[in-house]
Every structure is written in structure tokens, then in C-alpha cells.
Amino acid sequence: MKAIVHGGEPPTDLPSAGKDRPGDQIGERLGARFVDHPDPQPAPGDCVVRLKAASLNHRDLWTCRGRRAEAPPVVLGSDGAGEVIAVGKGVRRPRLGDAVIVNPALNWSRGDRAPPANFEILGHPRDGTLAELVAIPCVNLEPKPAHLDWAEAAALGLSATTAWRALVSQGGIVPGAVVVIPGIGGGTALAVLQLAIAQGARVYVTSTAPQKRARALEIGAAGAFDSMTDWAAAILDATDGAGADIVVESVGNVTWERSLKVLARGGRLVVYGSTSGDRVETDLVPLFLGWRSILGTTLGHRGEFQAMLRFVQRRAIAPVIDRRFPLSEGTAAFAYLASGRQFGKIVLTMDN
């Protein structure tokens, strides 16, 4: 099968013309390569899915940057959708030919507050979805929402589950809540925006890009502010001083102080990323005197994945897709993701 992998020896027949294409150059520097890779076989309890589409996440970039180039090759990718073509021993559901969506959270089926010690995310160390085929435990497959095409279904998994857990399980969202999302534009931040609006929240976003702020307003944000301004003060003013019930934070160092400033009394700051830097300083006095909470989260368990899918189907929500690339142009897709220009998910489609 064809796949996007990281690690292993680079192919000797890499075309020199690729060095003239920026996407290929960045792909080579990251160690992501489009190669032939062995077809997976279903172990007991596994299914093999012929993927129709898969989406990229920043986790794919971090995996490339965190592994040695000489490490054994691993197929990248956590999200995908396709059809079941083989089942292992003991599998009753799904059945051959079923259209399914991949749940990328491995070994987290129970509704515990935190995952078990053997929790993994698909795409490293286990081969992932940026390929024509993937072998995955049958419990990590759910029926594809009928209202979504293959690319839209493939764009849900990691982003929408992370957003659902941040808003519902950790954030405790209720209708009428004020939600703030610093740094709108990525797939997860947009999933937070869409899910929060659908649950009756008033949502404010920030971005340095005017076009991203405009797009967020079109989707339904109540306000969109320039990240370079004192947007916390502007949101406090817009809420008559009350502030945000929930701030969903993925930027980190650059936005941290303002994210805490904009929190209402009893508000919850939910953190799932730190793209601008991991180290922050926090004044503890307004934290405990304001009865505020800081909560960390990543992905979610099977019940949360299923609850997210039910909500998405009931409200006919479709994730925002920025661009679709064929699998063969996966290195160019990686370059586009690394550029930060996207508004929505980046999806790879398979010609099968």
C-alpha cells in the first residue's frame, strides 16, 4: 500500500525534481515520506479499513520532530474514515463493507477522568491513517455519520473529540455560557467554536489574521478580536464585566495572562495545547479568590467520542475543511500545515 511514513532509510529513487517543490523540501526535513509500505493484517479483535480520507493534525508534525530519522518507519496520522475490508478473530461488529470513522484514542474505553497507563494515540507508535489501509481495534470504529462525506468524516476524530471533552466533560458548558477561544483557525479551535455555538453558548475568538476573524463571525462567533490587542478587556466590556465561563486555551505562553484575566468568577480555563510556548507564570491570588479552575485535557474516551458523534449527527454539523490533497501530495500538505495559514482541517484523499 501507499503511505506517508516517518523514519527508515529514505528511498534511493527519490526524484531530484522534488527539491524544487517547497512541500517536498519541508517534507524531507521533517522526515515525512510517501512510500510503499506493507499491507496491514488484522490481529484478533482488529479490523482492516480501506481508507477513503484521512486528516492531518499538529500531532503529526510533533511526531516527526520528536523522532530520529533513523527510527523504524511508522505510518503517520490519527484520523480517518473508510470501509471495513477484513476482520480479525472474534470481531462481530463492524462487518465487512461497513462505512466507519476512526476513534484515534486507543485503550481508553471507560469513562475515567484520565486514561489508563497504556493509553496511546493512533499514528505513533502504532501505524496510523495516512495510508490506503489501516489495522485498528474494532472498538475504535464507529458508523460514519450519514450526512458527512468521507473527507468531512475523516476530519472529526481527534479535533472534535478534544473539543467535546474540553467543553462538556471539563468545561461543563450550559446554554448561555460565554466561551472564549484564543487563536481561531486550527481544526480543534474551530470544532470548539462549532460545538459551543450548537450548545447555545456565546463565543468570542481571537486571531492576528483579519480573514480568520471574519470567517469566525460568519460561522456564528459573537465577536472576533485582534490577538495583538487587549482582547481580554474588550470581552469583559462586551459581557458587562462578567467575563468568560470557559476559556479553551491551546496557544500557551502568548495568551495565558489574558486568558486568565478574562475568566469569570468560577470560570474554567481548559488547556489542550501550548503552541506558543509551554512555560507560563500565574498570579495565584485571583485564581483562588476568584474560584477559578485550570483543567488540562487531551482527546477523550470512547463514550465521549460516541456522544460527540451523536451530537454532530443530531445537529447536522460538518467540520470546516480548508484544503484537500491527494495522498501522493502528503508532503505538500505537511508544508501547508506547518505554515499556519489554514482555516480548518487539512485532509488527504485516497484514490481507491
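The values are calculated or read from the model by the stated rules, or taken from the named source; none is laboratory data. Everything numeric here is computed off the predicted structure, so don't read it as measured data. Cβ coordinates were reconstructed from backbone atoms using ideal geometry, including for glycine residues, and neighbour counts include every protein chain displayed. Each accessible area value is taken on the protein alone, full model and side chains, heavy atoms only, with ligands, DNA and RNA left out. Shrake-Rupley method; radii C 1.70, N 1.55, O 1.52, S 1.80 Å.
General remarks:
- Largest first, the three principal axis extents of the alpha carbons in the chain are 60, 49, 37 Å in whole numbers.
- FRET efficiency estimate (nearest 0.05) - Cβ-Cβ, ASN107 to ALA316, R0 22 angstrom: 0.10
- Diagonalising the gyration tensor over the Cα atoms of region 215-352 and scaling each eigenvalue by 5 before taking the square root yields semi-axes of 32, 19, 17 Å, largest first.
- List MET1, MET308, ordered by accessible area with a 1.4 Å probe, largest first: MET1, MET308
- Gain on full stretching of the segment that runs from ASP36 to THR275 - 0.36 nm per residue minus C-alpha separation: 82.8 nm
- For region 96-192, taking Cα atoms only, Rg and Dmax work out to 15.0, 44 Å respectively.
- Heavy atoms of LYS2: accessible area, 1.4 Å probe, square angstrom to 10: 70
- Approximate shape of region 42-98 as ellipsoid semi-axes (Cα gyration tensor, √5λ), whole Å, largest first: 28, 14, 8
- Residues ASP283, ASP60, ordered by accessible area of protein heavy atoms at a 1.4 angstrom probe radius and largest first, appear as ASP283, ASP60.
- Along each principal axis, Cα extent of region 136-245, largest first, Å: 49, 29, 21
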